[in-house]
Each structure stands twice: as structure tokens, then as C-alpha cells.
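Heads up: the structure comes next, in C-alpha cells.
The values are calculated or read from the model by the stated rules, or taken from the named source; none is laboratory data. None of these values were measured; they are calculated from a predicted model. Please note: Cβ atoms are built from the backbone with ideal geometry, for glycine as well, and neighbour counts cover all protein chains shown. Just the protein is used for accessible areas: all its heavy atoms, side chains included, with ligands, DNA and RNA removed. Shrake-Rupley method; radii C 1.70, N 1.55, O 1.52, S 1.80 Å.
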Amino acid sequence: MTDTRMICAGFGGQGVMSLGMLFTYAGMIENKQVTWCPSYGPEMRGGSANCSVTVSDEEIGSPLISNDATVVVIMNRASIKFIKDLRPGGYAFLNSSLVSDEVKRDDITVYKIPVNDIASELGNTKLANIVMLGAVNEILHIVDSESIVEAFRKVFGATKEKFIPQNKMAMQKGMEYVQNLK
């Protein structure tokens, strides 16, 4: 995909900002054009949080994504509202551990992935966003997986490098889950 326009949405503490940031930095590592625009609710943890991410081979005119997202990542039930911003032919990735709503659109592709459950099986529910990242990237091939690992170092710094193996495992589990859906 040469132009990915993604909205990642959930509540504070789910790692939606980190998910978007990892795609953004991985795109930069691959010399792509990127934007990352965060949006927070007035609360900190637990409030609404979303970010808009564009990763493109071409120059980006605007970082704002409104009604023309190619991808939406929905990590909680309240964020299902972002489905309306998905263009026809787009992809919706739902955290089915928390979102049971049916998407009432037949012009998009929907993937339901129980990322919280998968992260729990790995022993760390904080990895749910990385499971989702692996699933999204496996389907859409936005960036190379190794670029995401390198982006982890840039986003989280040297003190968090010890977490790279478990993040790689979480990413792999997300990839494997959607491979079984094909």
C-alpha cells in the first residue's frame, strides 16, 4: 500500500498513540513521508485517545484525516464511531475482546481480533496494541517488520530495549492470528 491513512482509537492507557507512533517512525526509517497527529480527551488514563497517521510514498498534503481513512483501528467500544471516517474499500480492525458491535457497512473489510485475550495469553495485557500492530501490518504491509522493531528503539529509548523480545512475540501473534483468517 503506497498511501495509508490510519485512525487509531481507544482510551488512554491502551497504547493507541504508541501504535500510531511505531508505524510513523517505521515509515521514517524507510524514507517514507509520514504524519502523526494525536488527539486526547480531557482526562488522562481512561479518557478518549486517538491519533491520525499517514504513511505515504508521496508528499502529504494534510495530516488531518476526515472521511477518507484507508484504515481504522478500534481498540474500545466507544471508538466504533470512527468507522464513519473510513472510505469505501477501507479496512477496519476491531479489538473483539472489547468490541462486540456489528459493523453495518458492506463496502469495507472488517477484521475482528481479540487482542486483549491474545496479550493475556502472552502474560501481559499491555501488549494488546502491539498484537494489533502485527495484525494490521500483516494484512496491509505498511512497513517492514524489522523497521517496526527499529522504531521501537526510537520511540521508547534504550532503557526499554529489554522489552523488544516480548514485543516481537506480540507482533508475531497478531500476524499469525490474521494469517489464520485468510
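Give the residue, chosen from Asn129, Asn95, Asn116, Asn137, that is out of contact with any helix residue (DSSP H, G or I) (no Cβ under 6 Å at 6 or more places or on another chain) and closer than 14 Å to Gly174 by Cβ. Can you show your working first?
On the way: Asn129 fails: out of contact with any helix residue (DSSP H, G or I) (no Cβ under 6 Å at 6 or more places or on another chain); Asn95 fails: out of contact with any helix residue (DSSP H, G or I) (no Cβ under 6 Å at 6 or more places or on another chain); Asn116 fails: out of contact with any helix residue (DSSP H, G or I) (no Cβ under 6 Å at 6 or more places or on another chain).
Just a single option satisfies the conditions, and that option is Asn137.
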Inset, instruction - Taking the options Val103, Val110, name whichever one is more than 16 Å from the chain's Cα centre (by Cα), open to solvent by 10 Å² or more (accessible area, probe 1.4 Å) and not charged (D, E, K, R). - result: Val103
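Go through Gly10, Gly47 for me and flag whichever is closer than 19 Å to Thr125 by Cβ and exposed (fewer than 14 other Cβ atoms within 10 Å of the Cβ).
Testing whether each residue is closer than 19 Å to Thr125 by Cβ and exposed (fewer than 14 other Cβ atoms within 10 Å of the Cβ) leaves just Gly47.
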Inset, instruction - Could you look through region 18-45, keep only residues that are in contact with a Cys (Cβ under 7 Å, 6 or more places away or on another chain) and not in a helix (DSSP H, G or I), and pick out the one that is modelled with the lowest pLDDT? - result: Ser39
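Every residue, every condition in (1) open to solvent by 80 Å² or more (accessible area, probe 1.4 Å); (2) touching a helix residue (DSSP H, G or I) at 6+ places or on another chain (Cβ under 6 Å); (3) farther than 19 Å from Gly90 by Cα, yes or no:
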position: Val155; (1), (2), (3): no, yes, yes
position: Met169; (1), (2), (3): yes, no, yes
position: Gly174; (1), (2), (3): no, yes, yes
position: Val178; (1), (2), (3): no, yes, no
Legend entry - Ala78 being closer than 24 Å to Gly174 by Cα, under 18 Å from the mean Cα position of the chain (by Cα) and either hydroxyl-bearing (Ser, Thr, Tyr) or not in a strand (DSSP E or B) (or both): yes
Inset, instruction - Could you give me the residue pairs with C-beta distances under 8 Å whose first residue belongs to region 96-110 and is at positive phi and among the polar types (S, T, N, Q), whose second residue is surrounded by 14 or more Cβ atoms within 10 Å (Cβ to Cβ) and assigned to a loop (DSSP other than H, G, I, E, B) wherever it lies, and which are 6+ apart or on separate chains? - result: none
Inset, instruction - Select from region 81-100 the residues that are closer than 26 Å to Thr2 by Cα, of a type outside the set (S, T, N, Q) and open to solvent by less than 40 Å² (accessible area, probe 1.4 Å) and list them in ascending order. - result: Phe82, Ile83, Asp85, Leu86, Gly90, Ala92, Phe93, Leu94
Legend entry - Pair list, Cβ under 6 Å, 6 or more apart: region 116-132 residue without any contact (Cβ under 8 Å) to a residue 24 or more places away in the chain and open to solvent by 70 Å² or more (accessible area, probe 1.4 Å), other residue not basic (Lys, Arg) and not in a helix (DSSP H, G or I): Asp117/Ser97
Inset, instruction - Spot the failing condition for Ile65; the list is (1) open to solvent by 40 Å² or more (accessible area, probe 1.4 Å); (2) in contact with a Ser or Thr (Cβ under 8 Å, 6 or more places away or on another chain); (3) in a loop (DSSP other than H, G, I, E, B), and only one is missed. - result: (1)
Legend entry - Among (1) touching an Asp or Glu at 6+ places or on another chain (Cβ under 7 Å); (2) free of Cβ contacts under 8 Å to residues at least 40 places away in the same chain; (3) within 17 Å of Gly27 (Cα to Cα), the one test that Asp144 misses: (2)
